[in-house]
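A.B. asks: Have a look at this one before I ask anything.
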Amino acid sequence: MNSFSSLASQPQNQSAHDILINVIIKQSSDGKIIATVPGLPELQVEASNKITALALLQQRLEAHLEGAEIVPLPVKLPSREQKNPWLEMAGIFKDDPQFEQMLAAIESYRQELDQNIENHSSQELG
């Protein structure tokens, strides 16, 4: 998920051009609050409390984005599924005029093999 998202329903104190920004807030070892925008490490501020840190970060972010446009960009992710190599061959004989003849020959050969097996089995028993 990205750090920027448009507001679907605007609260009364926000305009239609406002977006919500995810911010990481941490407390440093010296007790100060560090606020950073994920993906934009250059936009990091340090303050004595959370409210001040967020206000400073908002100012820096608005200055950073002045004159910029944020647009959604759809990106296709590579599939992690393994492709079935047999699917590439599926349907290659659909327009072949000899396909039905080949299927009939296969069926005939199978019946011949079944008959040979039956004959062989009956000879062993008899």
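A.B. asks: Sorted by average packing, counted as other Cβ atoms within 10 angstrom per residue and highest first, what order do 35-48, 18-31 take?
C.D. replies: Result, highest mean first: 35-48, 18-31.
A.B. asks: Round to the nearest 10 and give me the degree value, 0 to 90, for the angle of helix 99-125's Cα axis relative to the longest principal axis of the chain.
C.D. replies: With rounding to tens, the tilt is 60 degrees.
A.B. asks: Once you put a point 7 Å from the Cα of Ile25 and another 7 Å from the Cα of Gln82, both along the Cβ direction, what distance in nm separates them?
C.D. replies: Each label point lies 7 Å from its Cα, and together they span 4.8 nm.
A.B. asks: Counting other C-beta atoms within 10 Å, and keeping those with at most 13, which DSSP coil trypsin sites (Lys or Arg not before Pro) do you find in segment 50-104?
C.D. replies: For trypsin sites (Lys or Arg not before Pro) across segment 50-104 that sit outside H, G, I, E and B with at most 13 neighbouring Cβ atoms in 10 Å, the list reads Lys76, Arg80, Lys83, Lys94.
A.B. asks: Rounded to the nearest 10 degrees, what's the angle between the helix 50-65 long axis and the longest principal axis of the chain, both from Cα atoms, 0 to 90?
C.D. replies: It is inclined by approximately 70 degrees.
A.B. asks: Let me ask something else. Given H placed on each backbone N at 1.01 Å, which residues far from Leu43 in sequence or on other chains put an amide H within less than 5 Å of it?
C.D. replies: Val37
A.B. asks: Between Ala68 and Met89, how many nm apart are label points set 7 Å from Cα along the C-beta direction?
C.D. replies: It is 5.3 nm.
A.B. asks: Can I ask one more? Taking 8 Å as the Cα distance limit and 6 or more residues as the minimum spacing, I'd like the relative contact order of the chain as a percentage.
C.D. replies: This gives 11 percent for the chain.
Every number in this text was worked out from the coordinates using simple rules, so none of it is lab data. Everything numeric here is computed off the predicted structure, so don't read it as measured data. Neighbour counts are summed over all protein chains in view; Cβ atoms, including those assigned to glycine, are modelled from backbone coordinates with ideal geometry.
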